[in-house]
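Student: The structure follows.
The values are calculated or read from the model by the stated rules, or taken from the named source; none is laboratory data. Just so you know, these numbers come straight off a predicted model, no measurement behind them. Virtual Cβ from ideal backbone geometry, glycine too; neighbours counted across all protein chains shown.
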């Protein structure tokens, strides 16, 4: 009988904790530095630092990527409302894009889905951004589908500011 009561109390405690935790949505704000040792499929010599400003449903990403091909600056904005909107992708030139951003279950991160059409081919990119429980590690899983096939990248970032 004690075991059943203990298990019932444990189950109730878990559901109360989950309900309280589910109410808080992740805030991705901060300066993030790529952890090259934990990331994969990014190519040799790839490095990235980014600053994210996240307020409510608005996310702004300013990033610098370095690779053997040179340095690239990225500036993107997302509205986490689940609505598809048009955007102008930086590459290829004259391409048109559609973007949709939604919260992950429990608000633990966001999912950004892009569809880019350059008139010759369509590229689909899904990015899942999730924050660790302590808020010090940001994981971005990339899923890319285009005429070359399907690819997956994982980038792990440590908070530096």
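Student: Among the residues of segment 88-103, how many are surrounded by 16 or more Cβ atoms within 10 Å (Cβ to Cβ), under 22 Å from residue 145 (Cβ atoms) and at pLDDT 90 or above? Let's see the steps before the verdict.
Tutor: The first filter runs over segment 88-103 and keeps only residues surrounded by 16 or more Cβ atoms within 10 Å (Cβ to Cβ), leaving 89, 95, 97, 99-101, 103.
After this cut, where a residue has to be under 22 Å from residue 145 (Cβ atoms) as well, the list is 89, 95, 97, 99-101.
Then keep just the ones that are at pLDDT 90 or above; that gives 95, 97, 99-101.
So the answer is 5.
Student: On to the next question. Can you report the number of residues in segment 147-160 which are within 19 Å of residue 65 (Cβ to Cβ) and over 17 Å from the mean Cα position of the chain (by Cα)? Let's see the steps before the verdict.
Tutor: Within segment 147-160, the subset within 19 Å of residue 65 (Cβ to Cβ) is 151-160.
Add one more test, that the residue is over 17 Å from the mean Cα position of the chain (by Cα), and what stays is 160.
Residues meeting the conditions: 1.
Student: Further, regarding this structure: Yes or no: residue 34 at pLDDT 50 or above, under 16 Å from the mean Cα position of the chain (by Cα) and closer than 14 Å to residue 153 by Cα? Full working, then the answer.
Tutor: Working: at pLDDT 50 or above: yes; under 16 Å from the mean Cα position of the chain (by Cα): yes; closer than 14 Å to residue 153 by Cα: yes.
Taking the combined requirement at face value, the residue satisfies it.
Student: Just checking, does segment 68-75 include any residue being surrounded by 12 or more Cβ atoms within 10 Å (Cβ to Cβ), within 18 Å of residue 126 (Cα to Cα) and under 16 Å from the mean Cα position of the chain (by Cα)? Can you show your working first?
Tutor: From segment 68-75, those surrounded by 12 or more Cβ atoms within 10 Å (Cβ to Cβ) are 72, 74; that's our starting set.
After this cut, where a residue has to be within 18 Å of residue 126 (Cα to Cα) as well, the list is 74.
In the following step, the residues that additionally are under 16 Å from the mean Cα position of the chain (by Cα) were identified as 74.
There is at least one residue in segment 68-75 that is surrounded by 12 or more Cβ atoms within 10 Å (Cβ to Cβ), within 18 Å of residue 126 (Cα to Cα) and under 16 Å from the mean Cα position of the chain (by Cα).
Student: Quick one: how many residues across segment 51-64 are over 16 Å from residue 110 (Cα atoms) and either at pLDDT below 95 or exposed (fewer than 14 other Cβ atoms within 10 Å of the Cβ) (or both)?
Tutor: The number of residues fulfilling the criteria is 1.
Student: Pick from 145, 118: which is in contact with a strand residue (DSSP E or B) (Cβ under 9 Å, 6 or more places away or on another chain), over 21 Å from residue 103 (Cβ atoms), modelled with pLDDT of 95 or more and surrounded by fewer than 17 Cβ atoms within 10 Å (Cβ to Cβ)?
Tutor: Numbers: 118 fails: modelled with pLDDT of 95 or more.
Of 145, 118, the one residue that is in contact with a strand residue (DSSP E or B) (Cβ under 9 Å, 6 or more places away or on another chain), over 21 Å from residue 103 (Cβ atoms), modelled with pLDDT of 95 or more and surrounded by fewer than 17 Cβ atoms within 10 Å (Cβ to Cβ) is 145.
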